[in-house]
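Here is the structure we will look at, set down as structure tokens.
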Amino acid sequence: METGPINKDLAKGNELLSGGGLSLSLILQRQEQEGLNELPSSKPKKIYSFFFDVLKEPMVYLLLGCGLIYFFLGDQQEAIMLLAFLFLIIGITIVQETKAGRALEALRELSSPRALVIRNGTQIRIAGREVVREDIIFINEGDRVPADATLISSSNMAIDESLLTGESIPVAKQVGSKIFASTTVVRGQGIAVVTAIGLNTQIGKIGSSIQEIEIISTRLEQQTNQLVKRLAWLALFLCILVVIVYSVKHHNWIAGSLIGLSLGMAILPNELPAVLTIFFAMGAWRLAKRKVLTRKISAVENLGSITVLCVDKTGTLTLNQMAIQKIYSQEQVIDLSESDVLSLPEEFHETLEFGILASRKDPFDPMELAFTSAGLKFLKGTEHLHHDWNLEKEYPLSPELLSITHAWKTSLGGGFVIGAKGAHEAIIDLCHMNDDQMIKIKQRAEEMAAMGLRVLGVAKSHLESSQLPSRQHDFEFTFLGLIGITDPIRSGIKESISECHSAGIRVIMLTGDHPLTASSIAKKIGLQNPTQVITGIQMESLSDSELVELTKKMSVFSRVMPSQKLRLVESLKKAGEIVAMTGDGVNDAPALKSSHIGIAMGGRGTDVARESSDIVLLDDDFSSIVEAIRTGRRVYTNIKNALIYLFAIHIPIAGMSVLPVLLGLPLVLLPAHIALLHLIIEPASSIAFEVEPASIDIMSKKPRSPSEPLFNNEIWHSSLLRGITLFVALASVYFISLKRNQGEAEARTLVFSTLILANVFLIFLSRGSKISLKSKFKSKPNDIVKWIMIASIVMLALVLYVPSLREIMRFSFLHPIDIIICMLVSLASTFLSELFLGIIKKMKGLSITL
């Protein structure tokens, strides 16, 4: 070991710790000189990257092919117009993809590991990337070390360095030990001074790079890609067929190729992949604005399927702002919440004293902070506070014994003073009481628990031997008393849980508290079956099949250890539930990974829990989970509405492209017309539907089945009915116009105008697939829909009444009466499709009314 640098680091670290850490000016200077504490990672995509991605789309080549054919035919005006449309479509796509990309980059920033540091004399939590050299960092069990550092204080610390060494066995660390960035604390706590950041760390020299956001293909994206491939083959087959039929019949292979390319543009719903990418990315971005970080984009898709939500009581349902309310000692009880209690009688001093001794010296846990706070308030200036004692050994909580014991070396020497606290049953067990004492203590504990208090027993011991035993049971403990801790319930919890129940989601509360405490809290917040409580010990006595049956009706689990959460998740999954599980500790990681959606606490959670999760609550608030579920359902609903619109509008476009060819009639939709339509369809499908707010009743519907395919009968029936109805209307306008000898140009103009107006109505009506027609007309469209509707009308007016544009588009002049006819036909077709759809849904028993 290089003792010189180590000793220098220790001396500097202790000096900085006693001085309250680095000053703001020095921090800014370090960041300017040495940069941020981050490793090279994938950089945000540049604009040109999005441009090259767009060039992979079939629509680009179809438009380019049409433009080249027109150029070859000598129609340069038409070719230039198509190329202009091509660049417009590319521009719109780049804007959409850039917006989605920025949303994902924002999520990466939020997902940066965190660090607890002391600066200007105050402990603050910052992003890991903001740590600078010589920062004083506090690390606890479950934390990921943010930078290379030297320990200046350590308590029973062990670190997993497998990322660096490949060795899975944790390495014990003492004062003076080096700890390395990206390794994980698996036991204990400590304080360290940072010695290297970023590329200068060991992990930086190796060149590793960790990505925090997992961007993988969701199930819906996989389904969509398969559908697009099938449609592409179908489009290719039909295009070749149309090219051959037209070319053989008219002896014009160039014109036939042009028609085939036009049909390909009409059939291919190339907007589909963009719709899913943008919807999921923007959904995750919206969740982040509501303090919910999505680490895996697939979680946005899965949120709408949750049937069971397992949540920790402390910090999620409650504020995690604990305070000691009652103390029972020497058969006396005092309520510290009463305003007239200004001092603590002597008979309660020892119980509070040893409760503090069974806590950490510099606590971060809210429960232990409650002990420290009460000690400073009621024991300050007495002999019951021992800041100069040294902690020699900690006996941690275990599933077998729910208590913590600390062995202290006093400043006077001469043996050890022992303090223990934990579940009152565990403390009674340690104190080896007789039956009468046990009954009396349990009765007092249950009285406190029935009030919703977390009840802890406190005991003491003294050991003259120089050798500490290996087990807590080897001490001779004396029972001191009980402490009742209050933790206020978060505001709005009862309403949020009621909303979950309305949405078909059962909320299960997990707590380490006494069953009576759990039951009391469950009643206050409105859980189902609040008086039926199962404990962790009872869980252990049940077989897997028995636990599966029990989990179907239970909503309250008490005295649950983190290691038992995994078994609970597995049982719920076997019962057919879609499970979301919250967690914050190292031991919660397996349950978070096993659940369908793992939810880590961002405020108090460990880095290990965060990295095992799908989403992270940045504010640890239960209502944020409910908001995430609402957003997930909204995203899924809006995707379905966008797909119904996309398929519906492509049917008449494809139909009017192929019908004239098959019947040997004049062509209606040319490449320029289809490209112009895509300028409306692209932003409508990927932006207008994405910003659509959730319906009022979205949280009163049952969760959707995760096995339900996105492209289900509802989408196909709705799309086909709307699309075919509009196609029949356009074909009728076309045939009537030709029969009246109005000419090819006027027939084309009437059909295109009717299609544009019908598209406007279709966008308006497709926003809510499961609400009544009356409600759709009453509801106001979002701002994007309004702008698209206005832009569509303005565009139609320009191509109809600006002579040069009308000539390029091969349209004729339309009189006001013609416009009115087009409007009436488009309105009638969309209204009839909605009417037919409503009748079909009523016949199927779906709840929709006109």
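A compact table of results
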| item | result |
| --- | --- |
| Residue satisfying condition, being without any contact (Cβ under 8 Å) to a residue 12 or more places away in the chain, surrounded by fewer than 24 Cβ atoms within 10 Å (Cβ to Cβ) and not basic (K, R), within set L679, L663 | L663 |
| Within segment 407-445, tally of residues that are among the acidic types (D, E) and surrounded by fewer than 14 Cβ atoms within 10 Å (Cβ to Cβ) | 2 |
| Single unsatisfied condition, V333 versus (1) open to solvent by 20 Å² or more (accessible area, probe 1.4 Å); (2) β-branched (V, I, T); (3) not in a strand (DSSP E or B) | (3) |
| Selection status of E301, of a type in the set (D, E), at pLDDT 90 or above and either touching a strand residue (DSSP E or B) at 6+ places or on another chain (Cβ under 7 Å) or crowded, with 22+ Cβ neighbours inside 10 Å (or both) | no |
| Pair list, Cβ < 7 Å and 6+ apart or interchain, from segment 572-601 residues that are in contact (Cβ under 8 Å) with a residue 60 or more places away in the chain and closer than 15 Å to V308 by Cβ to residues that are surrounded by fewer than 24 Cβ atoms within 10 Å (Cβ to Cβ) and among the small types (G, A, S) | I578/S305 |
| Residue match in segment 400-419 (condition: in contact (Cβ under 8 Å) with a residue 12 or more places away in the chain, assigned to a helix (DSSP H, G or I) and touching a strand residue (DSSP E or B) at 6+ places or on another chain (Cβ under 9 Å)) | no |
| Single residue of segment 351-401 satisfying the filter (of a type in the set (A, V, I, L, M) and either modelled with pLDDT under 85 or under 24 Å from S470 (Cβ atoms) (or both)) that is most open to solvent (accessible area, probe 1.4 Å) | L397 |
| Residue that is more than 12 Å from the chain's Cα centre (by Cα), in contact (Cβ under 8 Å) with a residue 60 or more places away in the chain, farther than 25 Å from I681 by Cα and open to solvent by 10 Å² or more (accessible area, probe 1.4 Å), where the choices are E627, E611 | E611 |
| Output for segment 493-516, where each listed residue is open to solvent by 30 Å² or more (accessible area, probe 1.4 Å) and at pLDDT below 90 | G512 |
| Residue match in segment 334-353 (condition: in contact (Cβ under 8 Å) with a residue 12 or more places away in the chain, of a type in the set (V, I, T) and more than 29 Å from K409 (Cα to Cα)) | yes |
| Spans of strands (runs of 3 or more DSSP E) in segment 517-629 with at least 1 residues at pLDDT below 90 and aliphatic (A, V, I, L, M) | 597-601, 615-617 |
| Number of positions in segment 793-828 that are hydroxyl-bearing (S, T, Y) and closer than 15 Å to V760 by Cβ | 1 |
| Near pairs, Cβ below 6 angstrom, 6+ apart or cross-chain, from segment 431-453 (farther than 21 Å from S558 by Cα) to any residue that is aromatic (F, W, Y) and open to solvent by less than 80 Å² (accessible area, probe 1.4 Å) | C431/F477; C431/F479 |
| Sole residue being farther than 20 Å from K421 by Cβ, in contact (Cβ under 8 Å) with a residue 12 or more places away in the chain and of a type in the set (K, R), chosen from R471, R490, R559 | R490 |
| In segment 174-199, the residues that are open to solvent by 40 Å² or more (accessible area, probe 1.4 Å), within 23 Å of E611 (Cα to Cα) and part of a strand (DSSP E or B) | V186, R187 |
| Condition check for V333: modelled with pLDDT of 90 or more and farther than 30 Å from S496 by Cβ | yes |
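The values are calculated or read from the model by the stated rules, or taken from the named source; none is laboratory data. The structure presented is a predicted model; accordingly, all values stated were derived computationally and were not measured. All Cβ positions, glycine included, derive from the backbone under ideal geometry; neighbour counts span all protein chains shown. Note: areas computed on protein heavy atoms with side chains; ligands, DNA, RNA excluded. Shrake-Rupley method; radii C 1.70, N 1.55, O 1.52, S 1.80 Å.
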